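First up is the structure itself, then whatever we jot down about it.
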Amino acid sequence: MAADLARPPFVDQPWLRDFLEAKGFRRTAPDAFGNGRATLRFTGTNLLAIPAGGGKAWRSELNEAPPEAIRNVLEALLSTPSFQSAAELQRREDRRQAAEASLAVLTDAIAQHPDTHRGVHLRRFLWSLYNGHHALNLWRLKDVLDHRHNAAVVEVFTAWMQGHVSEDALRHALTVSGEMDRWEAATLGPKDRERLDDALNAVTDLLNTVPPGRPILELTRANGLLRQVVDCLRTAKK
């Protein structure tokens with residue numbers, strides 16, 4: 001009972017003040033914190049979050065939730081544009097513009113030299129950001145890039161991880177660089193088809209020679225998948 005009586009009001013708890021100050025919010029009233037755009041008002045354990053521009057306020061009863069749970073709620077809320085400070089919004093805009101400038105460097109490199117080692121690895125890099133169908137070897141990518149293009153890749157990748165590179169921006173880069181057209185026109189060459197046939201023949205030979213046992217199950221599955229791939233490629237345009 002004594003511990004409960006000694007506990008400061010929710011709005012006065014040091015961890016909350018430190019957390020909000022780290023997010024750019026300062027005490028603007030006995031029960032409120034603001035960042036110049038948005039306001040967080042605490043009445044007991046009730047939170048009233050008022051976004052910038054007079055949008056719809058968000059209410060939550062925090063009750064006796066542990067600080068970590070409340071931090072997670074506030075983290076998600078304050079990451080939205082309506083609750084970010086003008087300085088944070090400008091920082092995000094600067095980051096987006098820097099990423100788009102670097103993306104333009106990569107787009108130009110691909111458009112001019114799509115079939116060089118550098119061009120092919122940059123093409124794989126952009127496609128890997130755009131969808132989940134492309135594997136990328138970072139060691140090889142780094143090895144074929146000069147300082148300028150290496151820096152551009154780092155900028156784009158870091159910004160993409162932080163949510164500053166949109167799908168529309170990537171689609172635009174793939175279109176302008178000619179990748180969308182190359183995607184439609186790409187086919188396996190004779191040597192690549194021969195390698196695929198060799199892989200199928202090797203798995204088939206293993207099925208015919210390996211004694212019965214657990215490996216047979218995986219070999220059978222691999223054989224079936226390879227046959228499906230070969231059949232699909234035979235129907236594709238050459």
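The values are calculated or read from the model by the stated rules, or taken from the named source; none is laboratory data. In this text, all values refer to a predicted model and were calculated from it rather than measured experimentally. All Cβ positions, glycine included, derive from the backbone under ideal geometry; neighbour counts span all protein chains shown. Surface accessibility is based on the protein's heavy atoms, side chains included, excluding ligands, DNA and RNA. Shrake-Rupley method; radii C 1.70, N 1.55, O 1.52, S 1.80 Å.
Annotations
- Full extension of the chain segment joining Trp139 with Ala76 gains 19.2 nm, where the gain is 0.36 nm per residue of separation less the Cα-Cα distance.
- Given +1 at the Cβ of Lys and Arg, -1 at the Cβ of Asp and Glu and no other charges, the dipole of the chain around its Cα centre is 160 debye to the nearest 20.
- Taking the range 150-238 and dividing mean pair separation by its residue count, relative contact order in percent (alpha carbons under 8 Å, at least six apart): 25
- Backbone HN-Hα couplings from phi across the range 153-159 [Karplus 6.51/-1.76/1.60, Hz, Gly and Pro as x]: 4, 4, 4, 5, 5, 4, 5
- Descending semi-axes in Å of the range 46-173, equivalent ellipsoid built from Cα gyration tensor: 39, 16, 12
- Over all other residues within a Cβ to Cβ distance under 10 Å of Arg182, the charged ones net out to -3, with Lys and Arg as +1 and Asp and Glu as -1.
- Efficiency of FRET between Asn201 and Val154 - r from beta-carbon atoms, R0 30 angstrom, step 0.05: 0.10
- Length gained when the stretch Ala86-Arg234 is fully extended (0.36 nm per residue, less Cα-Cα span): 47.6 nm
- DSSP-loop trypsin sites (Lys or Arg not before Pro) across the range 44-124, with at most 16 other Cβ within 10 angstrom: Lys56
- Between Ser82, Ser60, Ser102, the residue with the greatest mean-square fluctuation in the GNM of the chain (Cα pairs under 10 Å linked by springs) is Ser60.
- Residue by residue, the range 20-27 carries 3J(HN,Hα) couplings of 5, 5, 5, 8, x, 9, 10, 5 Hz when phi is fed to the Karplus relation 6.51 cos²θ - 1.76 cosθ + 1.60 (θ = phi - 60°); x denotes Gly or Pro.
- For the range 218-232, backbone phi angles converted through the Karplus equation (6.51, -1.76, 1.60; θ = phi - 60°) give residue-by-residue couplings of 5, 5, 5, 5, 4, 4, x, 5, 5, 5, 5, 4, 4, 5, 5 Hz, Gly and Pro being listed as x.
- The range 166-225: C-alpha gyration tensor shape, a/c 1.5 cut-off, then a/b vs b/c: oblate
- Label-to-label distance, nm, for residues given as Leu225 and Ser128 (7 Å Cα→Cβ offset): 2.0
- Rh (Kirkwood; distinct C-alpha pairs) - the chain, Å: 23.1
- Restricting the calculation to Cα atoms, every distinct pair contributes to the Kirkwood radius of the range 132-212, found to be 16.7 Å.
- Unit charges at the beta carbon, dipole of the chain: most positive-side option, Met161, Gly119, Asn63: Gly119
- The chain: most fluctuating residue of Pro14, Pro67, Pro212 per GNM, C-alpha cutoff 10 Å: Pro212
- Relative to the Cα centre, the charge distribution of the range 14-69, modelled as +1 at Lys and Arg Cβ and -1 at Asp and Glu Cβ, gives a dipole magnitude of about 340 debye.
- Mean accessible surface per residue for the chain, computed with a 1.4 Å probe while every protein chain stays in place, in Å²: 64
- Where only DSSP H runs of four or more residues are counted, the chain gives -20000 deg cm²/dmol as its mean residue ellipticity at 222 nm, each run worth -39500 (n - 2.57).
- Other residues with beta-carbon under 10 Å from the beta-carbon of Val230 carry, at +1 per Lys or Arg and -1 per Asp or Glu, a net charge of +1.
- Percentage relative contact order, the chain, counting C-alpha pairs under 8 Å, at least six apart: 12
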